[in-house]
Structures are given as structure tokens and as C-alpha cells.
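The values are calculated or read from the model by the stated rules, or taken from the named source; none is laboratory data. Only a predicted model underlies this, so the values are computations on that prediction, with no experimental measurement involved. Positions of Cβ are backbone-derived with ideal geometry, glycine not excepted, and every protein chain shown enters the neighbour counts. Side chains included, ligands, DNA and RNA excluded: accessible areas come from the protein's heavy atoms. Shrake-Rupley method; radii C 1.70, N 1.55, O 1.52, S 1.80 Å.
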Amino acid sequence: MREVRLYNTLSRCVEGFYPLQEGLVGFYVCGPTVYDLIHIGNARVFVLFDALRRFFETIGFQVRYVQNFTDIDDKIIDRAQQKGEEPRDLAERYIVEYFIDADRLGIKRATHHPRATEHIVDIIDLIRRLEGRGFTYRVAGDILFDTSRVDGYGKLSRKNPAELREGARVEARYRKNHPADFVLWKMAKPGEPYWPSPWGEGRPGWHIECSAMAAYYLGETLDIHAGGCDLLFPHHENEVVQSEAASGRPFVRFWLHNGYLNIANEKMSKSLGNIMTVRELLLRWKPETLRLVLLSTHYRNPINIDESVLAAAQRYVVKLENLLRNFQFIRDRGRETTDTNDVERQFRERIEHLERYFLDTLTDDFNTPQALGVLSEFMRQANSYLEPKRGAWTGDSLRAIGDFLTLVQEILGIIPPTPGDGQEQEIAALVSQRGKAREGKEWSQADQIRKEITVRGYLVEDTPLGPRWYRNVEGSSFESF
């Protein structure tokens, strides 16, 4: 099994990764707060760590992958009141919408998708443990965590405790013992959802939800906890202190955080009106295009998305699509030979080298941009080998191409399926009609059909094996990103 190295936010360095239980990775990712459709910033988190999960599985690990839904929260309550519906109904609706978008993006279902409201008992038990150990106090009916009782608060975010300010989701409705103290249990307000508890009717705070769900499914110490860098403080910092205060053990061994996402060099925000939902983007762009864009920048770096970036990614995806179509064309129609010569052996050796290099780039802090560079070289080599003028191909070499394409798809999920959409089915039908016209020596009709195919953005090429067709694409090298 390959050694994997990952950048650990906790230590601020790249470390060799080994799970606590040999061969099994316990992996928790902060999921969406379900009060709206997910946007491209949310999608970056889910696509990146979906790909990392796929990578672990591909190289032989089992992965227990947990991605939660925050289905009770101030934002959900506020949005439900605006829409005149119950918070639970709003949350349930947007959970369904999440899966629609996630499925289209090729994001695998987690091993577990817990909802905060399904774990109220576990959340209350965790708060009671903290209370029994003297880490809580009560103000105006709410139960707060006392950060002054722990050593090392701020060790994950590297913030100076003396300078910490309360998190954005904490209501400043009373004086706390320390500005960084945060709510574990909120007393119920009129008209809000609530659950019975030892402290009265109320609901959990945001941070305690994830700690309770993570521990329930993965134990008191997680191998990996991941999320966007915007969650580093206060959310993840607070998860650390409350979990470790309750268990007396390290909460997470590896913290992974992806960088910010900007739209046309500006931070995506409601005030700027540049929120791009996945649903809107998928009206214009292939799901594989969005995945490619999100994987084209190293996960720890900020990423900028604009029209030109999306267009370049779409052209690259079309190149992959054409390669897959050409591969299937040769595999289905070509003459296979068992002759093994130096040229064939050298080709397979190059492909095997590229496959090893592809995996090596991903073991090195999941360097997806470098992996895509390897993929570009593979595409060049494979396209050259698949030229119909070659006349014959060895089964071993074709299998090497197919295995590499399968590997890329299993991990990155950026190769479109074939045959494509309805338009591509129409092109295939036109190519077939043109072939029949040529067989009947109806040259004028064949030329007219060819022109129609060209107008629709495709090219048809007559080869000794018959006509092959593909999308007309230019300027689509990975480096154009």
C-alpha cells in the first residue's frame, strides 16, 4: 500500500498519513447547512474530499466516510420563517436538492449522512459529560462552554486567545465569561423548534452537533476531519476543545482545509450578488467541467473561477471525451494483433510509467493539478497510438489505455460517459446516414450531411476502419487553465 503524505493544519506541515486502524480511514467532512441550494464554494469542499476518499479506496484503503447535514440552525429557522414553512420541512427539501446536485457532480454517497436532529440524544450526552467535568456554565438559560478552563485554545487556528472574538453564529445577547466562549445548548424561543433536555426545552449549538456526530460514527479520535478554511475558526477550533475536554483524548489526527473560492477575482458573497449555485452552473456546463475546475488548483490554494476558466475546462473535458470515443472506436473495430515488438513494449512502458507518476502526485499531499498534467501527457501518447492508420493494435496496449482511463475516472471523476447527450446521439445518427449515402454513391447528400455535422461543432473522419467522429475543439490543453 502506498505511503500517503498530507498537509496537517494542526502541525502546519506535510506528514506521512497512517490511519489508527490499519487499512481503515475514519474521515469526517463538514456538510451543508440545508437552507438553500449548494453553491460552487460548497461544491469545492465536497468534490475535493470526494476525490480524496476515492483515491484512498483506489489504493487499497477502506474508508468510513461521514458527511453530515446541519438541519437545525439559526439560518434554517430564519429562512423558514421568511418562507412561512416549518424548519424541518425546509431542511428536508434542501437535503433532497443537495443529493440532486451532488449526484450530478458524481459525488459518491457517504458511508453515513447523519442529520443533527437525529442525534439530539448524543448531543445532550456530550454536553452532560462536559458539564460533569466542569467545562460549562449557564447564562440566561443557555449552556456555554468555558474556554478559560482548557489549555491550548487556539492551537488549531493559531489565534491568540487574548485576541479572540466570538464566532459569527454566537448570539451576543448576554455577557459571557470570555469572548471566545460559545453556546452548547440554546434555550427555546417562542415559535422555534425545541427538544427536552436536563436544562429545559431548547436546541443544540452549531459546534456541538459535529462533535457528537463525528464521535458517534468514528470514535473519539478521527483520522481525518476536513472542511473549508472558513470553518477553521470558530467552528473547528471549538470542535477540538469541546471534544478533547469531554474525552481527554486527541480529537483529530489530520485536519485538512481547502482554500477560498473567488468569482472573477472577487470573494463570492451575497452583498456582491455573485453567488453561483451548482444548479445554475449545470445549466451551461458539464458536471465533469465543474469537477475539473475544482480539481485544477491544489486544494490548499485559493481558486478563481470565471467564464474563461470554465470554457477552458469544458474544452479539456471534450478532449477527454474524444479520446474515450476514439479508444472505443479502435477497440470495437480495430484488428487486434498478438505481435509484440519494441514499439508496443515501449508504449506500454510509457503508459505504466505515467500511471505510477499519476498516483505518486496524489500521494504527495493530493496534488491534483500535477496529476492532471500527467493526464495531459497520457492523452497525447494515447491519441498518437490510436491513429487508425496504424492498422493493428495489441490487446495489451489497448488494455493499458483502458486501465489508465478507468483509474482517472475512479479517482477524479472527470471523464464524461459515452455516448453523450441527445445531441451526440443525433450526430451518431447523421454519421450513420452519411455512411449509407456514401455506400449508395450519393455523394452530394453525403457532403450535405457532413456540412450539417460540421455546423453542429463536430468533425467526421473517414478511416480504413470506417468513419469516426468527434467534437471540434481547440486550445484545450490543461495548461490553458
*Dipole axis of the chain (+1 Lys, Arg; -1 Asp, Glu on Cβ), positive-most option in 305, 80, 206*: 305
*Quick one: pull the percentage of alpha-carbon pairs in the stretch 71-165 with a separation above 15 Å.*
76
_Within the stretch 351-434: Cβ-based charge dipole about Cα centre, in debye rounded to nearest 20 (Lys, Arg +1; Asp, Glu -1)_ = 460
*the stretch 187-341 - charge dipole about Cα centre, Lys and Arg +1 at Cβ, Asp and Glu -1, debye rounded to 20*: 620
*To the nearest Å, what is the center-to-center distance of the stretch 336-370 and the stretch 191-270, using C-alpha atoms only?*
40
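So, with a 1.4 angstrom probe, what is the percent of accessible area on the chain that is carbon and sulfur?
46
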*Expressed as a fraction of 2.2 N^0.38 Å, the rule-of-thumb size for a compact globular protein of N residues, what is the C-alpha radius of gyration of the stretch 343-445?*
1.41
_Probe 1.4 Å, protein heavy atoms only - accessible area per residue of the stretch 240-397 in square angstrom_ = 43
_To the nearest 20 Debye, how big is the dipole of the chain about its Cα centre, given +1 on the beta carbon of each Lys and Arg and -1 on that of each Asp and Glu?_
400
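Computed over the Cα atoms, what is the radius of gyration of the chain divided by 2.2 N^0.38 Å, N being its residue count?
Working: Rg = 26.7 Å, N = 481, 2.2 N^0.38 = 23.0 Å.
Cα-based Rg divided by the globular estimate yields 1.16.
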*asked:* Let me make sure I get this right: for the stretch 312-361, a, b and c are the square roots of the gyration tensor eigenvalues over alpha carbons, sorted descending. Under 1.5 in a/c it's rounded, otherwise prolate if a/b > b/c, else oblate. Which is it?
replied: oblate
*Over the heavy atoms of residue 452, what accessible area does a 1.4 Å probe trace out, to the nearest 10 Å²?*
80
*asked:* Just to be sure I understand the rule: take each whole DSSP H helix in the chain, project its Cα atoms onto its long axis, keep it if the span is 20 Å or more and its mean Kyte-Doolittle hydropathy is at least 0.0. Which ones pass?
replied: 40-58, 395-411
*Cα-based equivalent ellipsoid, the stretch 18-134: semi-axes from gyration tensor eigenvalues, Å*: 27, 23, 10
*Evaluate Rg over Rh across the stretch 280-324, taking Cα atoms for both radii and Kirkwood's formula for Rh.*
0.98
_Distances longer than 22 Å among the Cα atoms of the stretch 214-330: what percent of all pairs is that?_
53
*For residue 184, residues with placed amide H under 5 Å, excluding near neighbours*: 143, 144, 145
*Quick one: how many Å² of residue 267 are accessible to a 1.4 Å probe, rounded to 10?*
130
*Past the 32 Å Cα-Cα mark, which pairs from 155/286; 75/155; 389/441; 319/451; 108/186?*
155/286; 108/186
*Farthest toward positive dipole pole in the stretch 61-194 [+1 Lys/Arg, -1 Asp/Glu at C-beta], among 116, 185, 137*: 137
